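Any read-out appearing in this document is the output of simple, stated calculations on the displayed coordinates, not a laboratory observation. Bear in mind the structure is a predicted one, so any value in this text is a computation, not a measurement. Quick reminder, even Gly has a Cβ in these numbers, built from the backbone with ideal geometry, and neighbours come from all protein chains shown.
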Amino acid sequence: MQQTGDFLQIGTKNKTVAAFQRLNRSRTYREKDRCFAMEGARLILDALRSGVRVKALLLTAHAAEQYGAELEQAAPGVHTLYLSDALAREISDTEHPQGVFAVADMLPEREITVQSGSFSMLLHQVQDPSNLGAVLRTAEALGTDGLYLFQCCDLYNPKTIRGSMGALFRVPVTRLRDMDAFFAECKAAGAVTCAAVVDRDAMQLGSFSFAEAFRCGACVLIGNEGNGLPKEISNACDRKMTIPMSPDSNSLNAAMAAGLFLWEMARK
């Protein structure tokens, strides 16, 4: 891995460093450039092994010594800059940076469709990137035929990427623009749409088997952290489902609720 210039002299005005900072901070720049920023050796190596194209690496001297050979093997010939420890701390989005950063191309959009017998999940207006990352990680661990996003936070937000622990690069994800078209797609496939709600009269999770109750497949809809699903969306679903909770509790974290539904669907 060849060094580009003197790592002690590179500053935030360097084009690659400036691009990393823009992408790390702004969804607008990410969407415009179709690129994103990453931080951390494990995450970047995971991305490379998952087929993500890394355009540039930024390393401190210590990080190059520790991870350079492995990064060179995973991404031979990639443009590499060397940073001082002070600059690494300045551009880092974490409290204790490893000194390993990257600029990468976004993955191509993966359009997935509802199929008969598939079990999937739709996140509706989820706004916390940490929640989105946690759902992606859980979806990979438990398995799902698809994860759909409607008006959610940015898939390439640094917190989403870190929270997903690399699952972002492998879980099938489709960003929806038309809920009516999605409901029609589910109906055509025979897949039952299930609204996750806080309602003690709804079907209780754990009291039935997804595989037995919905032989043609199902999609669970999880709503916004603060407001849940809008009434027009939950009313448009075929079923309403709820997670049994103690009488003193009236809500669950969106990522935790999604995890419980994913677990039940995986039991098929």
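Counting other beta carbons within 10 Å of each residue's own, what order do PHE169, PHE36 fall into, fewest first?
If I rank by nearby Cβ atoms, fewest first, I get PHE169, PHE36.
Rounded to the nearest 5, what % of DSSP beta bridges with both residues in the stretch 118-266 are antiparallel?
Antiparallel bridges: around 5 percent, rounded to the nearest 5.
Expressed in nm to one decimal, what extension gain is obtained for the pair SER251 and ARG267 from 0.36 nm per residue of sequence separation less their Cα-Cα distance?
That pair, SER251 and ARG267, stretches by 3.4 nm at full extension.
Which angle between 0 and 90 degrees, to the nearest 10, do you get for helix 179-189 versus the longest principal axis of the chain when only C-alpha atoms count?
60 degrees
Could you tally up the Lys pairs in the chain with alpha carbons closer than 24 Å? Skip any pair fewer than 8 positions apart unless they're on separate chains.
Close lysine pairs under the 24 Å cut-off: 13.
Please give the length that would be gained between ASP105 and LEU260 if that part of the chain were fully extended, namely 0.36 nm times their separation in residues minus their C-alpha to C-alpha distance (nm, one decimal).
Extra length from ASP105 to LEU260 when fully extended: 52.5 nm.
Using 0.36 nm per residue of separation minus the Cα-Cα distance, give me the extension gain between LYS15 and ALA181 in nm, one decimal.
Stretched fully, the LYS15-ALA181 segment lengthens by 55.5 nm.
Quick one: grab the alpha carbon gyration tensor of the stretch 135-188, order the square roots of its eigenvalues as a ≥ b ≥ c, and give me rounded if a/c is under 1.5, else prolate or oblate depending on whether a/b is larger than b/c.
Because a/c hits 1.5 or more and a/b fails to exceed b/c, the stretch 135-188 counts as oblate.
In sequence order, what are the phi-derived ³J(HN,Hα) couplings for the stretch 78-85 according to the Karplus relation 6.51 cos²θ - 1.76 cosθ + 1.60 with θ = phi - 60°, rounded to whole Hz, with x for glycine and proline?
Couplings: 5, 4, 10, 10, 10, 10, 6, 4 Hz.
Per-residue HN-Hα couplings for the stretch 22-34, Karplus 6.51 cos²θ - 1.76 cosθ + 1.60 at θ = phi - 60°, whole Hz, x for Gly and Pro?
Using θ = phi - 60°, the values come out as 4, 5, 5, 9, 10, 5, 4, 5, 4, 5, 5, 8, 6 Hz.
Grab every C-alpha pair in the stretch 118-266, bin the distances at 10 angstrom width from 0 up to the longest one, and report whole percents.
With 10 Å bins starting at 0, P(r) equals 12, 46, 36, 7, 0.
When N counts the residues of the stretch 15-105, how does its alpha-carbon radius of gyration compare numerically with 2.2 N^0.38 Å, as a ratio?
0.99
Using the Karplus curve 6.51 cos²θ - 1.76 cosθ + 1.60 with θ = phi - 60°, work out ³J(HN,Hα) for each residue of the stretch 132-142 in order, rounded to whole Hz, and write x for Gly and Pro.
4, x, 5, 5, 4, 5, 5, 4, 5, 5, 9
Using Cα-Cα distances under 8 Å and only pairs 6 or more residues apart, what relative contact order does the chain have, in percent?
It rounds to 19 percent for the chain.
Magnitude of the Cβ-charge dipole of the chain, K/R +1 and D/E -1, about the Cα centre, nearest 20 debye?
The dipole magnitude comes to about 340 debye.
If I take R0 = 45 Å and measure r between the Cβ atoms of GLN204 and MET165 in this structure, what FRET efficiency does the formula 1/(1 + (r/R0)^6) give, to the nearest 0.05?
After rounding to 0.05, the efficiency reads 0.90.
Out of the DSSP beta bridges found with both residues in the chain, what percent are antiparallel (nearest 5)?
30 percent
How about the stretch 24-75: which trypsin sites (Lys or Arg not before Pro) there lie in a loop by DSSP and see at most 14 other Cβ atoms within 10 Å?
Sparse-neighbourhood loop trypsin sites (Lys or Arg not before Pro): ARG34, ARG53.
Trypsin sites (Lys or Arg not before Pro) within the stretch 143-180: which are DSSP loop residues with at most 13 other Cβ atoms inside 10 Å?
ARG177
Over the Cα atoms of the chain, compute the convex hull volume and normalise it per residue, giving Å³.
Cα convex hull per residue, to the nearest whole number: 135 Å³.
Taking every pair of alpha-carbon atoms in the stretch 195-268, give the share separated by more than 20 Å as a whole percent.
25 percent
Taking R0 as 51 Å, what's the FRET efficiency between ARG215 and GLU95 from their Cβ-Cβ distance, rounded to 0.05?
After rounding, the FRET efficiency stands at 0.55.
GluC sites (Glu not before Pro) within the stretch 37-126: which are DSSP loop residues with at most 15 other Cβ atoms inside 10 Å?
Here the GluC sites (Glu not before Pro) that fit, given the DSSP loop and packing criteria, are GLU95, GLU109, GLU111.
How far, in degrees from 0 to 90, does helix 254-266 lean away from the longest principal axis of the Cα atoms of the chain, to the nearest 10?
Between the helix axis and the principal axis of the chain, the angle is about 70 degrees.
Charges on Cβ only, +1 for Lys and Arg, -1 for Asp and Glu, centred on the Cα centroid of the stretch 157-235; of ALA167, GLY190, ILE233, which one is farthest towards the dipole's positive end?
So the residue we want is ALA167.
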